[in-house]
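Here you go, one structure.
The values are calculated or read from the model by the stated rules, or taken from the named source; none is laboratory data. Predicted model only: the values in this text are computed from it and were never measured. Using ideal geometry, Cβ is built from the backbone for each residue, glycine included, and neighbour counts are taken over all protein chains shown.
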Amino acid sequence: MRHTIYCVLCVLATLALAILAARYVTDLWLLAFFESLQTHISLVGVALALLALLFKRHWYAVFLLAVGVGLAVHSVVMLREYAASPPLNPPAVANASKSFTLLSFNIEDSNFENGPRIADLIVNSKADVVEIFEAGAIQSELKRITKVYPNYIGCGILTTDCDSLLLSKRPFQTQVMRSLGSLWDNRFILATIDMDGQPVNFASAHLSKPYFDEFHTVELDILSPILKDVQGPLILAGDFNASVIAPDMRDFLGDTGLHHAFPEPATWPIMAGAYGIAIDHVFARAPLRLQSVQQIPDAMGSNHFGLITEFSVSN
């Protein structure tokens, strides 16, 4: 009986770790979902290997344990690779530059019953700029939202649909809305806003799920050159449906020079709370600096947590 349990545990650990290890020999979109969960799945593999060792001491369980630990450690290394450097909120920058606030939130397009609550969050947030994804749930609330944020893109402005929405208290100097690929329309916004004398580029992106064939990678390949052409401070927020350790996300960050907070707040799945993964991100490029990125603890009926970001721009 002990041998049977040992074998079952080793088989389960082998399957879990083999799926993760496949990323090192092939780039296959079918594995994309698991690649974003590398830290979590590798820890599951470690736990299974340890349980197997309780039932039988054998070299193969030790091997699985070593592989699981190696995959977990490498996942943390990858999570840190494109983290903002120097560290967030350095005192000199915080004292020299005024801070601004960005609210970003995928509110889920069918979340109509919580539309008024989400509108309250936006109106009372004191954010300078708000980026909403799957915004249909608050379309009926736009009249009162735009009393606080009179300038907006999306939901009737530059597009007839209501998925991506960018709201600002300040007028836009430039504004662009376009599609990233052929799967979804009008899920990218780029606007330049004068933030107390400093033009700042605000980008909003909502990408498809990475296990929808190659669409996720194609969208990133379209997005990357657009952002590389942007001059001046840049902050990009969005629902990327993937962790920064996914291979195409790593390529995107390396190509664009964007950085993120470390550790990033978990945003999905909401049932996991702080122990989920970050698939909603805020990226920045110097001279803009992220001072803090925090999870909004109340998902308000969405299947994502929102984010509040404090940032500054170096002179």
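Those residues that are free of Cβ contacts under 8 Å to residues at least 12 places away in the same chain and assigned to a helix (DSSP H, G or I), I need them from the range 1-26; list them, please.
Selection gives THR4, CYS7, VAL8, VAL11, LEU15, ALA18, ALA22, TYR24.
Further question: Across the range 8-23, which residue is farthest from LEU54 (Cα to Cα) among those that are modelled with pLDDT of 90 or more and not aliphatic (A, V, I, L, M)?
If we take residues in the range 8-23 being modelled with pLDDT of 90 or more and not aliphatic (A, V, I, L, M), then THR14 is farthest from LEU54 (Cα to Cα).
Then there's this: Those residues that are assigned to a strand (DSSP E or B) and either surrounded by fewer than 22 Cβ atoms within 10 Å (Cβ to Cβ) or not small (Gly, Ala, Ser) (or both), I need them from the range 229-249; list them, please.
Result: LEU234, ILE235, LEU236, ASP239.
Limited to the range 34-65, what total is found for residues that are in contact with a Lys or Arg (Cβ under 8 Å, 6 or more places away or on another chain) and either β-branched (Val, Ile, Thr) or farther than 13 Å from ALA18 by Cα (or both)?
2
Among the residues of the range 147-166, count how many are surrounded by 14 or more Cβ atoms within 10 Å (Cβ to Cβ) and either in contact (Cβ under 8 Å) with a residue 40 or more places away in the chain or under 23 Å from ILE296 (Cβ atoms) (or both).
12
Still on this model: Against the definition (small (Gly, Ala, Ser), in a loop (DSSP other than H, G, I, E, B) and modelled with pLDDT of 95 or more), how does ALA284 come out, yes or no?
No; evaluated as a whole, the condition is false for this residue.
Taking the criterion of being closer than 20 Å to THR174 by Cα and acidic (Asp, Glu), would at least one residue in the range 290-303 satisfy it?
no
Within the range 27-71, which residues are assigned to a helix (DSSP H, G or I) and farther than 27 Å from THR4 by Cα?
Matches in the range 27-71: TRP29, LEU30, LEU31, ALA32, PHE33, PHE34, GLU35, SER36, GLN38, THR39.
Taking the stated definitions as given, is THR174 out of contact with any Ser or Thr (no Cβ under 8 Å at 6 or more places or on another chain) and among the hydroxyl-bearing types (Ser, Thr, Tyr)?
For THR174, the condition - out of contact with any Ser or Thr (no Cβ under 8 Å at 6 or more places or on another chain) and among the hydroxyl-bearing types (Ser, Thr, Tyr) - is not met.
Here's a follow-up. From the residues in the range 187-201 that are outside any strand (DSSP E or B) and modelled with pLDDT under 95, which one is surrounded by the fewest Cβ atoms within 10 Å (Cβ to Cβ)?
GLY197
Separate question: Return the total of residues in the range 266-282 being within 17 Å of MET300 (Cα to Cα) and under 9 Å from the mean Cα position of the chain (by Cα).
Final tally of qualifying residues: 3.
Also, quick follow-up: From LYS169, LYS143, grab the single residue that is surrounded by fewer than 19 Cβ atoms within 10 Å (Cβ to Cβ), in the same structural domain as ASN124 (by TED's automatic domain parsing), within 21 Å of GLY306 (Cα to Cα) and not aliphatic (A, V, I, L, M).
LYS169 is the lone residue from the list that is surrounded by fewer than 19 Cβ atoms within 10 Å (Cβ to Cβ), in the same structural domain as ASN124 (by TED's automatic domain parsing), within 21 Å of GLY306 (Cα to Cα) and not aliphatic (A, V, I, L, M).
Name the residue that is farthest from MET177 (Cα to Cα), counting only residues in the range 202-228 that are in a helix (DSSP H, G or I) and among the polar types (S, T, N, Q).
THR217
If we scan the range 245-264, do we find a residue that is without any contact (Cβ under 8 Å) to a residue 12 or more places away in the chain and either of a type in the set (D, E, K, R) or in the same structural domain as TYR211 (by TED's automatic domain parsing) (or both)?
No, that holds for no residue.
Of all residues being of a type in the set (D, E, K, R) and farther than 14 Å from PHE133 by Cα in the range 169-201, which is farthest from the chain's Cα centre (by Cα)? Just the residue, please.
ASP196
Let me spell it out: the conditions are (1) surrounded by fewer than 19 Cβ atoms within 10 Å (Cβ to Cβ); (2) without any contact (Cβ under 8 Å) to a residue 60 or more places away in the chain; (3) within 20 Å of the chain's Cα centre (by Cα), and GLU214 meets all of them except one. Which number is the exception?
(2)
Also, I was wondering about something else. Identify, please: which residue in the range 27-47 is in contact with a Leu (Cβ under 7 Å, 6 or more places away or on another chain) and of a type in the set (Gly, Ala, Ser) and is, among those, farthest from ILE277 (Cα to Cα)?
GLY45
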